[in-house]
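In what follows, a structure is listed as structure tokens, so that the remarks can point back to it.
Every number here is computed from the coordinates shown, using simple stated rules; none is lab data. Please read these numbers as outputs of a predicted model, since none were measured by experiment. We place every Cβ from the backbone using ideal geometry, glycine too, and count neighbours over all the protein chains shown.
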Amino acid sequence: MKQKRIKVKEKEVFYYESRDNGHPVVFVHGMSSSASVFIRQLIDSVLSYQFRFIALDLPGYGNSASSENPQDDYTISGLSDFLIGFCKELKLENAVYVGHNTGANVIIEAFNKLTNPLGLALLGAIPLSNPVTNEMFLKKSFFELFAKPGIDDSEVHQIAALLVEEKTKYPEFIPEIIRKADLKTREYLFGSIMKGEYQDQIEIIKNIKVPVAVYFGELDQILNFDYLNSIDIPSIWRSIIQIVRDTGHIFFYESPADFNISFETYLHTVFNK
């Protein structure tokens, strides 16, 4: 695995890349996160040998530069434009796109402008209706917590604890990446959602023809599974949401053996058809 930097729209961007060639798979993290959350996929010797895994830090997150125009760049549409620019810089085409949490919403927003995407994987993510609904969360208070621009140390740990199954110790690096994110990322990302400054993603997902793999941690403390299950996704892989047992919101980190085996099967389905 290599650590690299590139300039996109005059911003320095950090990303990981497992190899220089092969079928590309692009990972996009969610709110208050970074590319490092996918480390157990990036270093998997079986997966990373077969595919060209690329995981980037979005602007304002991880090791990427913060934006001087956060009101434009940290919104759903701004981040999706950035993703499109990143893929153009790397000349990516015929890729599978994998999004966790709001990273999936960024991909869905950008999807029809990406160059011949072959697949889409939603990890602990729900396409956004427009206007947004609180039904997507298990508790209405979660939206206020995640959207809060300034968070104290207790709230950092509160968010970290929600990412894993209840009463389970969260990985030590999680609070660090939450603190590292530009505080304005939350304010403008969720502000753009509240204002409806994005496409109706329920409609977009209905019209995606490529295989859409949907994964969900069985004990997710944040998202409402019943609401996700009610959304019509005609091209959903295997015709059903894939449940990763005994895991929470970052199930792909908590149980990489179970997730990676299934994910490898999905990638072979996409790239070998």
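Which lysines have a Cα lying under 29 Å from the Cα of Lys195, excluding residues fewer than 8 positions away in the same chain?
Those lysines meeting the cut-off are Lys9, Lys11, Lys88, Lys113, Lys139, Lys140, Lys148, Lys180, Lys184, Lys206, Lys209.
Express in nm, to one decimal, how much length is gained between Thr133 and Val46 on full extension, taking 0.36 nm for each residue of separation and deducting their alpha carbon distance.
Values: separation 87, 0.36 × 87 = 31.32 nm, distance 3.93 nm.
Result: 27.4 nm gained on full extension.
Could you list Val46, Val8 in order of exposure, starting from the residue whose Cβ has the fewest other Cβ atoms within 10 Å?
Lowest to highest Cβ neighbour count: Val46, Val8.
Fully extended, how many nm does the chain gain between Arg19 and Lys91 (0.36 nm per residue separation, minus their Cα-Cα distance)?
This chain segment gains 24.4 nm when fully extended.
Provide the gained length on full extension for the span Ser230 to Glu176, in nm with one decimal, where the gain is 0.36 nm per separating residue minus the Cα-Cα distance.
Full extension from Ser230 to Glu176 adds 16.0 nm.
Using θ = phi - 60° and the Karplus curve 6.51 cos²θ - 1.76 cosθ + 1.60, what whole-Hz ³J(HN,Hα) does each residue of the stretch 158-165 get, with Gly and Pro shown as x?
5, 5, 4, 5, 6, 7, 10, 5
Give me the distance in nm between label points sitting 7 Å out from Cα along the Cα-to-Cβ direction at Thr269 and Ser77, one decimal.
3.4 nm
For Ser67, which sequence-distant residues (separation of 5 or more, or a different chain) have an amide H within less than 5 Å of its own amide H, given hydrogens modelled in the peptide plane?
It is Gly60, by chain and number.
Can you pull the one-decimal nm distance between simple spin-label points at Lys148 and Ser262, each 7 Å off the Cα toward Cβ?
Each label point is offset 7 Å from its Cα along the Cβ direction, giving 3.2 nm.
Tabulate in residue order the Karplus-calculated ³J(HN,Hα) for the stretch 54-68, using 6.51 cos²θ - 1.76 cosθ + 1.60 with θ = phi - 60°, rounded to whole Hz; enter x for Gly and Pro.
10, 10, 10, 8, 5, x, x, 10, x, 9, 7, 5, 6, 8, 8
Scan around Arg52 for amide H atoms under 5 Å from its own, H built in the peptide plane at 1.01 Å from N, and keep only partners 5 or more places away or cross-chain.
Amide H neighbours of Arg52, under 5 Å, 5+ apart: His23, Val25.
So which chymotrypsin sites (Phe, Trp or Tyr not before Pro) in the stretch 94-141 pass both tests, a DSSP loop state and at most 15 other Cβ atoms within 10 Å of the Cβ?
Nothing satisfies the criteria.
If you add up the charges near Phe146, with Lys and Arg at +1 and Asp and Glu at -1, over every other residue whose beta carbon is less than 13 angstrom from its beta carbon, what do you get? Don't jump to the answer; show the numbers that get you there.
On the way: positive: Lys139, Lys140, Lys148, Arg186; negative: Glu144, Glu155, Glu187.
That works out to +1.
What is the stretch 125-273's relative contact order, in percent, from Cα pairs under 8 angstrom and six or more apart in sequence? Don't skip to the answer; put the middle values down first.
Details: 182 pairs, mean separation 43.7, N = 149.
Value for the stretch 125-273: 29 percent.
What list of ³J(HN,Hα) couplings, whole Hz, do you get for the stretch 248-254 from phi and the Karplus terms 6.51, -1.76, 1.60, once you set θ to phi - 60° and write x for glycine and proline?
Running phi through 6.51 cos²θ - 1.76 cosθ + 1.60 with θ = phi - 60° gives x, 6, 9, 4, 5, 8, 5 Hz.
For the chain, the longest stretch holding no GluC sites (Glu not before Pro) located in a DSSP loop with at most 15 other Cβ atoms within 10 Å is which?
Values: sites that count: Glu10, Glu68, Glu93, Glu166, Glu172, Glu197, Glu218.
Counting only loop sites that pass the neighbour cut-off, the longest clear stretch is 94-165.
Build a GNM of the chain with springs between Cα atoms under 10 Å: which of Asp44, Asp57, Asp226 gets the top mean-square fluctuation?
Its mean-square fluctuation being the largest, the pick is Asp226.
Could you pull out every one of the aspartates and glutamates with an alpha carbon less than 20 Å from that of Lys169, ignoring same-chain neighbours closer than 8 positions?
Counting by Cα, and skipping residues close in sequence, Lys169 has these aspartates and glutamates nearby: Asp152, Asp153, Glu155, Glu218, Asp220, Asp246, Glu254, Asp258.
Divide the volume of the convex hull of the Cα atoms of the stretch 2-271 by its number of residues and quote the answer in cubic angstrom per residue.
112 Å³
Using the Cα centre of the chain as origin and beta-carbon charges of +1 (Lys, Arg) and -1 (Asp, Glu), tell me which of Thr247, Gln3, Pro59 is placed farthest towards the positive end of the dipole.
Result: Gln3.
Relative contact order (percent) for the chain, with alpha-carbon contacts under 8 angstrom and 6 or more residues of separation?
After rounding, I find 20 percent.
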